Amino acid sequence: MKKFIKNKMPDRALDSQIESKALSGGYTILELLFYIAFFTTFSLLVINAIIMMTKSFKETSIYGELAQGGVIMERIAREIRQAENINSIGANDLILNTKGFIDSEKTVEFKFVSPNIQFWDAGSNIGNLNSPNIAITGLAFTEIITAKGKAVKVVLSIYSNNDSLARVQNFYDTIVLRGGY
Amino acid sequence: MIEVLVAASIITASILAAMAVAQKSIHVSRQSFHATQAVFLLEEGAENTRIARDNAWSNVVALNSSETVGIFTRTIVASNVNRDNSTKDIVASGGSADDRTKLITVTVSWSEGGSTIAKTLKFFISDIFS
């Protein structure tokens, strides 16, 4: 091969071309150091971003689960609001006298059986108000007797089972029994 | 190598943008959750006013309370209501004061990411038991 090239080109021209290729095609140690540093920084940034996004996703889903506390509280508030009277009230248990369809008398009950809230309708356990990924740490009922009727103060404490820190969040509400007027 | 640098820069910028969105999503989720808690505190404020009215109208007349519940601050303020002399409709100005109706303003505020967020609930309450 060399012999062939030699035959086609003068020696000086060939040396010059080889020298030029070496200069333009290779990397200096400084360039290599720069690229390694750049890619290391880039990799760190990407890894950090992935960790951050994973944490964000988890945190967002935890808040989404905790928001279920609002749904539970709304259900309790609605039942209390339309109740006619309080049948019995304990620190963690509330039984209300209310009306079902076609004005039939019945009771509804909210019972705190750690870590769930059971809902009982006319003596039957309907199920838990909370989903399995939510743990109830407290459900407290306090009766308020007014000159014209009754009210119930409710405090609900929950946390997400997916939260490694188990941060407890509270919901507060007080509801006047409209059926009691 | 320039092409690789440009591509890497674009990817980096995209990842940084995604990271910013992820951070913002935490902020929005937390704010939304606190707003849900605040809604119940507002409702409780309204119900407490109703309880005060049920016990005695005089409890409502000069109602002006403030309390702290966790990270939230709740204020309940009663203000006078005027009615048109002929139609008896509630008017913003003019007319005559109706001593048996009050405008209740319940405000729940909390600090979120360095700024204060406030939710307000306004309603009229009347002395229906005297």
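Scanning for something among the hydrophobic types (A, V, I, L, M, F, W, C) and at pLDDT 85 or above, does region A:11-31 turn up at least one residue? It would help to see each step written out before you state the result.
Going residue by residue through region A:11-31, those that are among the hydrophobic types (A, V, I, L, M, F, W, C) are A:13-14, A:18, A:22-23, A:29-30.
Checking the rest, the ones that are also at pLDDT 85 or above come to A:29-30.
Yes; the residues of region A:11-31 include at least one that is among the hydrophobic types (A, V, I, L, M, F, W, C) and at pLDDT 85 or above.
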Task: Checking B:Asn80 against (1) within 14 Å of another protein chain (Cβ to nearest Cβ); (2) within 21 Å of the chain's Cα centre (by Cα), the condition it does not meet - done: (1)
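Scanning region B:2-15 for residues that are at the interface with chain A (Cβ under 7 Å from one of its Cβ atoms) and aliphatic (A, V, I, L, M), which turns out nearest to the chain's Cα centre (by Cα)? Can you show your working first?
Restricting attention to region B:2-15, the residues satisfying the condition of being at the interface with chain A (Cβ under 7 Å from one of its Cβ atoms) are B:8, B:12, B:15.
Keeping just the survivors that are aliphatic (A, V, I, L, M) gives B:8, B:15.
Working: B:Ala8: 46, B:Ile15: 36 Å.
The selected residue is B:Ile15.
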Task: Criterion violated by A:Leu96 - all others in (1) within 14 Å of another protein chain (Cβ to nearest Cβ); (2) farther than 30 Å from B:Ala7 by Cα satisfied - done: (1)
Task: Which listed residue is among the hydroxyl-bearing types (Ser, Thr, Tyr), under 30 Å from B:Ser25 (Cα atoms) and surrounded by fewer than 14 Cβ atoms within 10 Å (Cβ to Cβ), from A:Ser43, A:Ser56 - done: A:Ser43
- [ ] Filter region B:89-105 down to residues that are farther than 19 Å from B:Val60 by Cβ and loosely packed, with under 11 Cβ neighbours inside 10 Å and give me whichever is nearest to the chain's Cα centre (by Cα).
- [x] B:Ala92
TODO: Evaluate region A:60-71: report whether one residue or more is facing another protein chain (nearest Cβ under 7 Å), in a loop (DSSP other than H, G, I, E, B), surrounded by 14 or more Cβ atoms within 10 Å (Cβ to Cβ) and of a type in the set (A, V, I, L, M, F, W, C).
DONE: yes
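Find the residue count for region A:72-103, including only residues that are hydrophobic (A, V, I, L, M, F, W, C) and loosely packed, with under 13 Cβ neighbours inside 10 Å.
Residues of region A:72-103 hydrophobic (A, V, I, L, M, F, W, C): A:72-73, A:76-77, A:80, A:83, A:86, A:89, A:91, A:94-96, A:101-102.
Now restrict to residues that are loosely packed, with under 13 Cβ neighbours inside 10 Å: A:91, A:101-102.
Residues meeting the conditions: 3.
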Task: strands (runs of 3 or more DSSP E) contained in region A:112-181 and holding at least 2 residues touching a helix residue (DSSP H, G or I) at 6+ places or on another chain (Cβ under 6 Å), in contact (Cβ under 8 Å) with a residue 24 or more places away in the chain and of a type in the set (Phe, Trp, Tyr) - done: none
Open item on the list: Quick test for you: out of A:Asp93, A:Asp163, pick the one residue that is farther than 30 Å from B:Asn55 by Cα and of a type in the set (Asp, Glu).
Closed with: A:Asp163
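The values are calculated or read from the model by the stated rules, or taken from the named source; none is laboratory data. As the structure is a computational prediction, the values presented were derived from the model and not from experiment. Cβ: placed from backbone, ideal geometry, glycine included. Neighbour counts: every protein chain shown.
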